[in-house]
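Single-structure report; data block below.
The values are calculated or read from the model by the stated rules, or taken from the named source; none is laboratory data. Since we're looking at a predicted model, the values are computed, not measured. Note that each Cβ is placed from the backbone with ideal geometry, even for glycine, and that neighbours are counted across all protein chains shown. When the accessible area is computed, the model is the full protein with side chains, heavy atoms only, and any ligands, DNA or RNA have been set aside. Shrake-Rupley method; radii C 1.70, N 1.55, O 1.52, S 1.80 Å.
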Amino acid sequence: MNRRNFLMIAAGSALAAGPVFAATPRMKVLKTPTCGCCSAWIAHVESAGIDVDAQDVTQGALWSAKDNAGITPELSSCHTGFIEGYVIEGHVPAADIQRLLAERPDALGLTVPGMPIGSPGMEMGDQRDAFETLLVSHGGEIIVFERHS
């Protein structure tokens, strides 16, 4: 077989195989069983195309997981997610998670501390509080990743 035939066969095989799609991101989320806003946030994330494995845990287990992940009480919220080596704390918008996964900064992850009204999962009619999604470095440095108004 000459080089030309080899290349034509290889190109034809690639076309026959069809397009290659990236795997859908999958996030593990720890939450308490009675938290309704956590479930609403999970629905928001799933509607953006991120698969979620939600696990109900005790409050003690949740705080232990946050501590082990490097999330301090000042950075915490009501649920903690883990995706592709990053921690996602609280009501982080799905678009911010997708940007994080696209840019892949060397960081611990993202957090929206507290539970700002109007953030995903915390919708209350037309009320919207401005909030920031914070990028947490491995050394604990906090950088504003995105501002939401």
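Only a single item in (1) touching a Lys or Arg at 6+ places or on another chain (Cβ under 8 Å); (2) more than 21 Å from VAL144 (Cβ to Cβ); (3) part of a loop (DSSP other than H, G, I, E, B) is not met by GLY118, and it is number (2). Look at region 134-149: where a residue is farther than 17 Å from PRO73 by Cβ and a partner is open to solvent by 40 Å² or more (accessible area, probe 1.4 Å) and not in a strand (DSSP E or B), sitting 6+ places away or on another chain with Cβ atoms under 6 Å, you get SER149/ALA130. Restricting attention to region 64-99, the residues that are of a type in the set (A, V, I, L, M) and within 8 Å of the chain's Cα centre (by Cα) total 6. Among residues of region 120-133 being of a type in the set (Gly, Ala, Ser) and either in contact with an Asp or Glu (Cβ under 7 Å, 6 or more places away or on another chain) or without any contact (Cβ under 8 Å) to a residue 40 or more places away in the chain (or both), the one that is most open to solvent (accessible area, probe 1.4 Å) is ALA130. Among the residues of region 60-110, those identified as β-branched (Val, Ile, Thr) and assigned to a strand (DSSP E or B) are THR80, ILE83, VAL87, ILE88. For region 57-75, a residue qualifies if it is surrounded by fewer than 19 Cβ atoms within 10 Å (Cβ to Cβ), under 14 Å from VAL112 (Cα atoms) and touching a helix residue (DSSP H, G or I) at 6+ places or on another chain (Cβ under 9 Å), and the qualifying residues are THR72, PRO73.
Out of region 76-87, which residues are surrounded by fewer than 21 Cβ atoms within 10 Å (Cβ to Cβ) and either without any contact (Cβ under 8 Å) to a residue 24 or more places away in the chain or of a type in the set (Gly, Ala, Ser) (or both)? SER76, GLY85, listed by residue number. Would a scan of region 91-104 turn up a residue that is touching a Lys or Arg at 6+ places or on another chain (Cβ under 7 Å), farther than 18 Å from SER47 by Cβ and either open to solvent by 20 Å² or more (accessible area, probe 1.4 Å) or polar (S, T, N, Q) (or both)? Scanning region 91-104 turns up no residue that is touching a Lys or Arg at 6+ places or on another chain (Cβ under 7 Å), farther than 18 Å from SER47 by Cβ and either open to solvent by 20 Å² or more (accessible area, probe 1.4 Å) or polar (S, T, N, Q) (or both).
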